[in-house]
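Undergrad: Below is a structure I'd like to ask you about.
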Amino acid sequence: MDAITLPQSLFTVSDLSTLAGLVVAVYVIVSFLKEPLKSLGKGDWIVRPFTVLVALVILLWLIFIQGTVTPEAIGLAIINAFLVALIAGAAHDYIVAPTKAKAKNTKDVTMVRAGDRGEDPLDNL
């Protein structure tokens, strides 16, 4: 039987240089910082610009450490930051939306079964 070798590092520069790596990194960072950011009184609207900012910082950091800092690379980093933020937001909606829909449906069912003893009020009709 072959032994399974676990990866020794989570993210590498080559991982972050891919679209999937960038989306995962931005998604994780924004997920952890979203609630504290919203609690500052800015509301939900601040999350999208913050997501673009996180993506831009990661992309600029990548072109800096790879030594490819040019006006063209910076311009592409700005455009790509919006693309990465859009995909990370769509990934969030794909992951969280089914959970929210399930919670909403459960809440509606609970409201229907609101008798004193948990009985269905429609049974008495």
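The values are calculated or read from the model by the stated rules, or taken from the named source; none is laboratory data. As the structure is a prediction and not an experimental result, all values here were calculated from the model. No Cβ is skipped: glycine too gets one built from the backbone with ideal geometry, and neighbour counts run over all protein chains shown.
Undergrad: Condition first: basic (Lys, Arg) and in contact (Cβ under 8 Å) with a residue 24 or more places away in the chain. Now tell me which residues in segment 26-48 satisfy that.
TA: Kept after step one, since they are basic (Lys, Arg), are these residues of segment 26-48: 34, 38, 42, 48.
Result: Arg48, single match.
Undergrad: Residues that are exposed (fewer than 11 other Cβ atoms within 10 Å of the Cβ) and modelled with pLDDT under 85: which helices (runs of 4 or more DSSP H) entirely in segment 6-125 hold 1 or more of them?
TA: Values: elements: 13-16, 19-37, 47-65, 71-112.
Hits in segment 6-125: 71-112.
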